[in-house]
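Student: Got a structure here, written out as structure tokens. Questions coming.
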Amino acid sequence: MLGEILNPYYLQVAAFIMINIILAISIYITLSSGQLSLGSAGFMGIGAYTSALLTIHFELPIIVGILAGAVVAGIIGILIGIPALRLQGVYLAIATLGFGEVVRIIFVNWESVTRGSIGLSGIPHMGRELLRFFKDIGFDPDMIGLKNNQFIYLLVLLILVLINIILIWFFTRQNKSRIGRAFAAIKMDEKAAEAMGLNITYYKVLSFAQGAVLAGFAGALYAHVLAYISPADFAYHRAIEILIFSVFGGSEVILGAVFGATFLTLLPEALRFISEYRYMIYGAILVLMMAFRPQGIIDASVLNWFKKNLKSKRGTNHGTRINKNN
Amino acid sequence: MRRVIKKSYLVITALMLVLLAACGEGSGSGSADSKGSSDGPVSAKIGVISYLTGPGAAYGEAITNGFNLALEEVNEKGDVNIELVVEDSAGKQEQALTVSQKLMSDDEIVAILGPTLSTEMNVVAPEADINGISILGTSTTAAGIPQIGDYVFRNSIPESLAIPAALEKAVAAYDVKKVAILYGNDDLFTQSGFDTMKKVAEDMNLEIVTIETFQKGQSDYNAQLTKIKDLQPDLILASALYNEGAVIMGQARKMGIDTPFLGGNGFNSPKVIEIAGEAADGLIVATPWFAEKENSKVQAFVEKYKAKYGMAPDQFAAQAYDALYIYAEALKNAGEADRDAFRDSLAEIKGLEGILGEFSFDKDGDVIMDPTVLIIKDGKFQIFE
């Protein structure tokens, strides 16, 4: 029964949705302090290559590789962030876009380590390693009626879902905290925030570095889900795609990023039945979206509307509304 | 705050439910009717992963056209009855992987053709191998692909076969001692071509006077060409795609370099002549595909293709056309629409006559075939003697 329902195709799409959500959150975090950074593809690449190289050459466990990838991306994020965050708006966008390209060119040219544009293959696959582990301890997916690849992708998806829940929980908490308020203040008005005594350099670098860590983390996951990476994966197209996830869904709230990544990853798959035209529709939706709803699908007022409606449906207020209507 | 967490749970759960519900529909529908009965033709579904949207869509289109043309003929013949399920990968690894999962999880699909790019193949092939479904690349020429697993094949001539053939003939014809190499280092295809060129040149004891690089989309190659001109090589090995390659040749000839060029598979396109004009004279390439070959099969293919799609077929269309014939033959020999039986009979294909020539697989699933060496002379591809 379970075996029939779990189609690896849907599990795979869902896994990519989860990775894209992490990427969308990474750009949401930098946007939440008013920084437009397009370096996420570069950080993603750093995370992916770090983790892939560590696990291939030093045979470290995947989890160590992934964490190392996130940490290295974070450190580079801080190093880049301190000078780059003197820039604002489009200038920062261009500088970070440039950074992403530099990273890609390094991957292309540092052939002795990265194998240039041939890319790295034979990266340990998260699911396949886990399957081996489970088989070693005497558990076979057959026992619960699953095929090997169903089991692999189910595990990968569960792990990614868990990671996402933790991340979303963490960042919604952070938004309500001192740090989140500081980010919002800086986004509203940098000068005013500084005048109120906020150390804006610290907070800006913090939000930039958080974005870098998340992007590196997502990149490392990407490497271990695909088992092959090449520099072309981390070109500026990727940075733009990630930005669109967040802007489309709504860059003011974290759920916007989640929604944007989910919707825009599902869309091309859902539109498969019209084959060649699907990216035309994808483009058209983006254009319409920017024309009619530049703040993104989900913003604070949409959330409030939901909150209100959910509350009134719970039926705490008897009769009051009827009176009003009469 | 707690509400937000709850909501995010809700969103994720809802999402999972949608996905689960959606897959319930797909996998339920019949799977028993695909096995061909022993007396009629074997019928089977074959999955195709192709690059149909995005900047490289022209490749995917040519490939799918090739498949469709061959499909009509194969089904008309009546030995087998094949149905193609074509899916787009948009040239992205993620999409190629997800769509391959879609095809592999459909039990009716016996084997897969494609994907178009070597980068996509690197991601899809290990997955196909684990799931025990044959996959054959018609345009993936990078090194190491059929070696990924037992179920991975290709019918496109790898650079390691094409370049030595071309180089041997060129060395014999021009008495080459010194070569210069020029390659694009930010593309899997040209990089892999360069690795082969360097190795072959070293194996043949040629002196490599310089190695120069360029990037995709570059428009000025004077710096590299000036250096090459001073060193006076007897032959220039250029691992480039035709769009950059044609510009390089144009600038080289203007500069007064009249050394012949030797290119890889990506340099082999009639577009080179279109872009570079007279400057394209002296380009040597080894190719499986030569449209002017005096062979009735080749000519019939070219004519049919032109009539149906309104343009001349390129090597991608030709390789795809042959690939479908290879699959049809394997399916006929297997006698049933079973993935493992299909794989075994595919691996045994030997000496199959196609429009590219006589085709066999080696033990890895790689190509054994003699490429044709061509040279551009008087604005036309001709056989290089």
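Nothing in this text is a laboratory measurement; each read-out follows from the coordinates by a stated rule. Small disclaimer: the values here were computed from a predicted structure and weren't measured. Using ideal geometry, Cβ is built from the backbone for each residue, glycine included, and neighbour counts are taken over all protein chains shown.
Student: Please give the Cα centre distance for region B:292-308 versus region B:65-131, rounded to the nearest Å.
Tutor: Taking the Cα centre of each part, region B:292-308 and region B:65-131 sit 25 Å apart.
Student: Expressed as cubic angstrom per residue, what is the convex hull volume of the alpha carbon set of region B:225-348? Provide the component values of the computation, followed by the final result.
Tutor: Details: hull volume 19.5 nm³, N = 124.
Taking the convex hull of the Cα positions in region B:225-348, it is 157 Å³ per residue.
Student: Moving on to the next point. Give the Cα extents of chain A along the principal axes, in whole Å, largest first.
Tutor: Rounded to whole Å, the extents work out to 68, 55, 42 Å.
Student: Oh, and also: For A:245, B:301, which order do you get if you count the other beta carbons within 10 Å of each Cβ and list the fewest first? Kindly include the intermediate steps, with their values, before the conclusion.
Tutor: Details: A:245 28, B:301 23.
Exposure proxy ranking, most exposed first: B:301, A:245.
Student: Need one number: the % of Cα-Cα pairs in chain B sitting beyond the 31 Å mark.
Tutor: Values: 30135 of 73920 pairs.
Of the Cα pairs, 41 percent sit more than 31 Å apart.
Student: Let me check against my output: what whole-number percent is the relative contact order of region A:2-235, with C-alpha pairs under 8 Å and at least 6 apart? Don't jump to the answer; show the numbers that get you there.
Tutor: Values: 355 pairs, mean separation 105.7, N = 234.
After rounding, I find 45 percent.
Student: Subtracting the Cα-Cα distance from 0.36 nm times the residue separation, let me have the gained length for residue A:86 to residue A:311 in nm, one decimal.
Tutor: Values: separation 225, 0.36 × 225 = 81.00 nm, distance 4.47 nm.
Stretched out fully, the residue A:86 to residue A:311 stretch lengthens by 76.5 nm.
Student: While we're on this one: What is the fewest-to-most order of B:297, B:92 by other Cβ atoms lying within 10 Å of their Cβ? Don't jump to the answer; show the numbers that get you there.
Tutor: Values: B:297 12, B:92 25.
Listed from fewest to most nearby Cβ atoms, that is B:297, B:92.
Student: Measuring from centroid to centroid over Cα atoms, what is the spacing of region B:191-224 and region A:133-208 in Å?
Tutor: Using only Cα atoms, the two centres lie 45 Å from each other.
Student: Continuing with the same structure: How much net charge surrounds residue A:116 when only other residues with a Cβ under 11 Å from its Cβ are counted (Lys, Arg +1; Asp, Glu -1)?
Tutor: Details: positive: A:115; negative: A:111, B:186, B:187, B:195.
Cβ neighbours under 11 Å give a net charge of -3.
Student: Measuring from a point 7 Å past the Cα of residue B:208 along Cα-to-C-beta, which residues in region B:228-263 have an amide N at less than 14 Å?
Tutor: Inside the label zone: B:236-239.
Student: Using 0.36 nm per residue, how much length does the chain from residue A:240 to residue A:194 gain when fully extended, once their Cα-Cα distance is taken away? Please report the intermediate quantities before stating the final value.
Tutor: Working: separation 46, 0.36 × 46 = 16.56 nm, distance 3.06 nm.
Working it through step by step, the gained length comes to 13.5 nm.
Student: Can you give the mean number of other chain Cβ atoms that lie within 10 Å of the Cβ atoms in peptide B:292-298?
Tutor: On the way: counts 0, 0, 0, 0, 0, 0, 0.
Whole-number average of other-chain Cβ neighbours for B:292-298 is 0.
Student: Once the convex hull of the C-alpha atoms of region A:20-176 is built, how many Å³ does it hold per residue, rounded to a whole number?
Tutor: Details: hull volume 20.7 nm³, N = 157.
Spelled out: Cα convex hull of region A:20-176, divided by residues, is 132 Å³.
Student: Give me the compactness ratio for the protein assembly as shown, meaning the Cα radius of gyration over 2.2 N^0.38 Å.
Tutor: Details: Rg = 27.8 Å, N = 711, 2.2 N^0.38 = 26.7 Å.
For the protein assembly as shown, the normalised Cα radius of gyration is 1.04.
Student: Rank by packing, highest mean first: peptides B:80-91, B:135-146, B:231-242, with packing defined as the count of other Cβ atoms within 10 Å averaged across residues. The partial results should precede the final answer.
Tutor: On the way: B:80-91: 20.2, B:135-146: 25.1, B:231-242: 22.5.
My ranking of the peptides, most packed first, is B:135-146, B:231-242, B:80-91.
Student: To continue, here is another question. Say R0 is 45 Å: what FRET efficiency, to the nearest 0.05, do residue A:292 and residue A:143 get from their beta-carbon distance?
Tutor: Working from the Cβ atoms, E equals 0.30.
Student: Ok, one more. Counting partner chain Cβ atoms within 10 Å of every residue's Cβ in B:183-195, what's the average? Mind dumping the intermediate values first?
Tutor: Numbers: counts 0, 1, 6, 10, 7, 7, 2, 1, 8, 3, 0, 1, 4.
Mean partner-chain Cβ count within 10 Å for B:183-195: 4.
Student: Please report the relative contact order for chain B, taking Cα pairs under 8 Å with a sequence separation of at least 6, and give it as a percent rounded to a whole number.
Tutor: Working: 741 pairs, mean separation 66.8, N = 385.
Over chain B, the number comes to 17 percent.
Student: List the lysines whose Cα sits under 27 Å from the Cα of residue B:229, skipping any in the same chain fewer than 8 residues away.
Tutor: B:169, B:177, B:178, B:198, B:199, B:216, B:254, B:271, B:377, B:380
Student: Per-residue counts of other Cβ atoms within 10 Å, averaged by peptide: what ranking do you get for B:322-328, B:170-176, highest first?
Tutor: Values: B:322-328: 24.9, B:170-176: 15.9.
Packing proxy ranking, top to bottom: B:322-328, B:170-176.
Student: A follow-up question, please. Where in region B:341-385 is the amide nitrogen less than 16 Å from a point lying 7 Å along the Cα-to-Cβ axis of residue B:308?
Tutor: B:355-356
Student: Bin width 5 Å, alpha-carbon pairs only: give the P(r) of region B:160-287 as whole percents, running from 0 to the bin holding the largest distance.
Tutor: 2, 12, 25, 27, 23, 10, 1
Student: Considering only A:195, A:68, A:227, give the residue with the highest GNM mean-square fluctuation for chain A, with springs between Cα atoms whenever their separation is below 10 Å.
Tutor: Comparing A:195, A:68, A:227 in the GNM, the peak value goes to A:195.
Student: So, in Å, what gap is there between the alpha-carbon centers of region A:1-69 and region B:256-275?
Tutor: 41 Å
Student: Mind checking A:10-23 for the average number of partner chain beta-carbons within 10 Å of each residue's beta-carbon? The partial results should precede the final answer.
Tutor: Details: counts 14, 7, 9, 10, 7, 4, 4, 3, 2, 1, 1, 3, 0, 0.
Counting Cβ atoms of other protein chains within 10 Å of each residue's Cβ and averaging gives 5.
Student: Counting only DSSP beta bridges with both residues in the protein assembly as shown, what percent are antiparallel, rounded to the nearest 5?
Tutor: Numbers: 14 of 51 bridges.
Here the share of antiparallel DSSP bridges comes out near 25 percent.
Student: A further question on this structure: For chain A, modelled as a Gaussian network with Cα springs under 10 Å, which listed residue fluctuates most, A:31, A:130, A:243?
Tutor: Result for chain A, Cα springs under 10 Å: A:130 fluctuates most.
Student: Right, another one. Order the peptides A:153-163, A:108-118 from the highest to the lowest mean number of other Cβ atoms within 10 Å of their residues. Walk me through the intermediate numbers first.
Tutor: Working: A:153-163: 19.3, A:108-118: 16.9.
In descending order of packing, they fall as A:153-163, A:108-118.
Student: Provide Rg and Dmax in Å for region A:93-191, with only Cα atoms included in the calculation.
Tutor: Answer for region A:93-191, Rg first and Dmax second: 21.5, 63 Å.
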